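Everything below concerns the one structure shown next.
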Amino acid sequence: MVYTETKTYKTRAHMGMIDVTADFQSAVERSGLSDGIITGFTTGGVAGLTTLEFEPGMVTHDLKAAMDIFSPYTDEHGRVIHYHHHDTWHDDNGSSHIKAALLSPFITIPFVSGKITIGPWQNLTLIECDTRDRVRDVVFQVMGE
(Lines give C-alpha, C1' and ligand atoms only; values in the text may rest on other atoms or scores of the structure.)
Protein backbone atom coordinates (compact mmCIF):
# COMPACT_ATOMS: atom_id res chain seq x y z
CA MET A 1 0.00 0.00 0.00
CA VAL A 2 1.19 3.53 -0.80
CA TYR A 3 -0.17 6.82 0.56
CA THR A 4 1.01 10.21 -0.74
CA GLU A 5 0.35 13.77 0.39
CA THR A 6 1.99 17.15 -0.20
CA LYS A 7 2.41 20.02 2.25
CA THR A 8 3.53 23.56 1.41
CA TYR A 9 5.90 25.60 3.60
CA LYS A 10 7.09 29.22 3.58
CA THR A 11 10.85 29.10 4.06
CA ARG A 12 13.45 31.71 5.05
CA ALA A 13 16.52 32.41 2.91
CA HIS A 14 20.10 31.50 3.83
CA MET A 15 19.62 28.24 5.74
CA GLY A 16 16.23 28.95 7.30
CA MET A 17 15.00 25.77 9.00
CA ILE A 18 11.57 24.34 9.75
CA ASP A 19 10.99 21.38 12.07
CA VAL A 20 8.77 19.05 10.01
CA THR A 21 8.91 16.07 12.39
CA ALA A 22 5.23 16.31 13.32
CA ASP A 23 4.27 16.45 9.63
CA PHE A 24 6.09 13.16 8.96
CA GLN A 25 4.29 11.56 11.91
CA SER A 26 0.92 12.98 10.83
CA ALA A 27 1.34 11.61 7.30
CA VAL A 28 2.02 8.15 8.74
CA GLU A 29 -1.10 8.41 10.91
CA ARG A 30 -3.28 9.57 8.00
CA SER A 31 -2.01 6.71 5.86
CA GLY A 32 -3.57 4.14 8.19
CA LEU A 33 -0.50 1.94 7.82
CA SER A 34 1.17 0.28 10.79
CA ASP A 35 4.70 -0.61 9.63
CA GLY A 36 6.84 0.58 6.74
CA ILE A 37 8.78 3.61 5.59
CA ILE A 38 7.99 7.25 4.95
CA THR A 39 9.96 9.35 2.52
CA GLY A 40 9.82 13.13 2.45
CA PHE A 41 11.03 14.82 -0.74
CA THR A 42 11.35 18.56 -1.29
CA THR A 43 10.76 19.59 -4.88
CA GLY A 44 12.99 22.67 -4.71
CA GLY A 45 16.46 22.53 -6.29
CA VAL A 46 18.04 24.49 -3.46
CA ALA A 47 16.37 23.06 -0.37
CA GLY A 48 17.10 19.94 1.63
CA LEU A 49 15.78 17.59 4.28
CA THR A 50 17.90 16.21 7.10
CA THR A 51 17.89 15.24 10.76
CA LEU A 52 19.41 17.39 13.46
CA GLU A 53 18.82 18.47 17.01
CA PHE A 54 16.45 21.40 16.46
CA GLU A 55 17.84 23.74 19.10
CA PRO A 56 18.59 27.48 18.82
CA GLY A 57 22.38 27.30 18.44
CA MET A 58 22.16 24.74 15.63
CA VAL A 59 19.19 26.36 13.90
CA THR A 60 20.28 30.00 14.06
CA HIS A 61 24.04 29.67 13.65
CA ASP A 62 26.01 26.41 13.71
CA LEU A 63 24.82 24.58 10.60
CA LYS A 64 24.86 27.75 8.48
CA ALA A 65 28.39 28.57 9.67
CA ALA A 66 29.58 25.07 8.80
CA MET A 67 27.94 25.12 5.35
CA ASP A 68 29.40 28.58 4.66
CA ILE A 69 32.88 27.08 5.02
CA PHE A 70 32.16 24.82 2.03
CA SER A 71 30.10 27.29 0.05
CA PRO A 72 30.10 30.91 1.24
CA TYR A 73 27.59 33.39 -0.16
CA THR A 74 29.59 36.57 0.52
CA ASP A 75 33.25 37.38 1.08
CA GLU A 76 34.77 39.15 4.11
CA HIS A 77 33.67 42.50 2.64
CA GLY A 78 30.03 41.45 2.20
CA ARG A 79 30.25 41.06 -1.59
CA VAL A 80 28.48 38.14 -3.25
CA ILE A 81 31.07 35.54 -4.27
CA HIS A 82 31.03 34.66 -7.97
CA TYR A 83 30.10 31.11 -8.97
CA HIS A 84 29.98 30.01 -12.63
CA HIS A 85 26.32 29.11 -12.07
CA HIS A 86 25.64 32.87 -11.93
CA ASP A 87 26.88 33.23 -15.52
CA THR A 88 24.33 30.68 -16.75
CA TRP A 89 21.24 31.96 -14.97
CA HIS A 90 22.20 35.57 -14.11
CA ASP A 91 21.36 35.05 -10.45
CA ASP A 92 23.26 34.92 -7.16
CA ASN A 93 22.53 31.48 -5.74
CA GLY A 94 25.46 29.32 -6.84
CA SER A 95 26.41 28.78 -3.20
CA SER A 96 22.82 27.67 -2.53
CA HIS A 97 23.06 24.83 -5.05
CA ILE A 98 26.26 23.57 -3.48
CA LYS A 99 24.74 23.64 0.02
CA ALA A 100 21.66 21.76 -1.22
CA ALA A 101 23.86 19.17 -2.94
CA LEU A 102 25.71 18.58 0.36
CA LEU A 103 22.35 17.95 2.01
CA SER A 104 19.70 15.88 0.24
CA PRO A 105 16.27 16.63 -1.21
CA PHE A 106 14.83 13.57 0.57
CA ILE A 107 14.94 11.56 3.75
CA THR A 108 13.45 8.12 4.49
CA ILE A 109 12.40 7.05 7.98
CA PRO A 110 11.08 3.66 9.09
CA PHE A 111 7.95 3.53 11.19
CA VAL A 112 6.75 0.75 13.50
CA SER A 113 3.27 0.41 14.98
CA GLY A 114 2.35 3.77 13.43
CA LYS A 115 5.27 5.71 15.01
CA ILE A 116 8.30 7.10 13.18
CA THR A 117 11.52 5.67 14.60
CA ILE A 118 13.60 8.72 15.45
CA GLY A 119 15.67 9.39 18.55
CA PRO A 120 14.75 11.91 21.27
CA TRP A 121 17.02 14.68 19.89
CA GLN A 122 16.49 13.87 16.23
CA ASN A 123 14.20 16.28 14.41
CA LEU A 124 13.32 16.04 10.73
CA THR A 125 14.20 19.42 9.28
CA LEU A 126 13.46 21.28 6.04
CA ILE A 127 16.34 23.63 5.19
CA GLU A 128 16.13 26.50 2.70
CA CYS A 129 19.49 27.05 1.00
CA ASP A 130 18.38 29.73 -1.48
CA THR A 131 19.27 33.42 -1.20
CA ARG A 132 15.59 34.41 -1.08
CA ASP A 133 12.59 33.31 0.97
CA ARG A 134 10.64 30.67 -0.91
CA VAL A 135 7.52 28.55 -0.90
CA ARG A 136 8.45 24.86 -0.88
CA ASP A 137 6.47 21.67 -1.25
CA VAL A 138 7.39 18.51 0.56
CA VAL A 139 5.91 15.30 -0.84
CA PHE A 140 5.37 12.68 1.85
CA GLN A 141 5.08 9.13 0.57
CA VAL A 142 4.21 6.36 3.02
CA MET A 143 4.71 2.73 2.03
CA GLY A 144 3.97 -0.31 4.16
CA GLU A 145 1.27 -2.47 5.55
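Which residues, counting only those in segment 93-115, are of a type in the set (Ser, Thr, Tyr) and assigned to a helix (DSSP H, G or I)?
Correct list: 95, 96.
So residue 91 fits all but one of (1) under 14 Å from the mean Cα position of the chain (by Cα); (2) open to solvent by less than 80 Å² (accessible area, probe 1.4 Å); what number is the exception?
For residue 91, the failing item is (1).
Return the residue satisfying two criteria in turn: it lies in segment 94-117 and is of a type in the set (A, V, I, L, M) and over 22 Å from residue 15 (Cα atoms), and of such residues it is surrounded by the fewest Cβ atoms within 10 Å (Cβ to Cβ).
Per the stated criteria, the residue is 112.
Residues being in contact with a strand residue (DSSP E or B) (Cβ under 8 Å, 6 or more places away or on another chain), in a loop (DSSP other than H, G, I, E, B) and either surrounded by 13 or more Cβ atoms within 10 Å (Cβ to Cβ) or of a type in the set (D, E, K, R) (or both): count how many of those fall in segment 39-64.
Matching residues across segment 39-64 total 4.
From the set of residues in segment 69-81 that are open to solvent by less than 100 Å² (accessible area, probe 1.4 Å) and free of Cβ contacts under 8 Å to residues at least 12 places away in the same chain, which is nearest to the chain's Cα centre (by Cα)?
Top of the filtered list is 74.
Anything in segment 82-118 that is under 18 Å from residue 72 (Cα atoms) and of a type in the set (A, V, I, L, M, F, W, C)? List them, or say none.
Passing the criteria: 98, 100, 101, 102, 103.
Within segment 1-36, which residues are hydroxyl-bearing (Ser, Thr, Tyr) and either at pLDDT below 95 or part of a loop (DSSP other than H, G, I, E, B) (or both)?
Selection gives 34 alone.
Tell me whether segment 122-131 contains one or more residues that are on the phi < 0 side of the Ramachandran plot, part of a loop (DSSP other than H, G, I, E, B) and open to solvent by 60 Å² or more (accessible area, probe 1.4 Å).
yes
Kindly indicate the residue of segment 65-92 that is outside any loop (DSSP other than H, G, I, E, B) and in contact with a Lys or Arg (Cβ under 9 Å, 6 or more places away or on another chain) and also modelled with the lowest pLDDT among those meeting that condition.
70
If you go through segment 4-38, how many residues are in contact (Cβ under 8 Å) with a residue 24 or more places away in the chain, open to solvent by 30 Å² or more (accessible area, probe 1.4 Å) and of a type in the set (Ser, Thr, Tyr)?
4
The values are calculated or read from the model by the stated rules, or taken from the named source; none is laboratory data. Quick caveat, the model's predicted, so the values are computed rather than measured. Quick reminder, even Gly has a Cβ in these numbers, built from the backbone with ideal geometry, and neighbours come from all protein chains shown. Ligands, DNA and RNA are stripped out before the accessible areas are found, and what is left, the full protein with its side chains, is counted by its heavy atoms. Shrake-Rupley method; radii C 1.70, N 1.55, O 1.52, S 1.80 Å.
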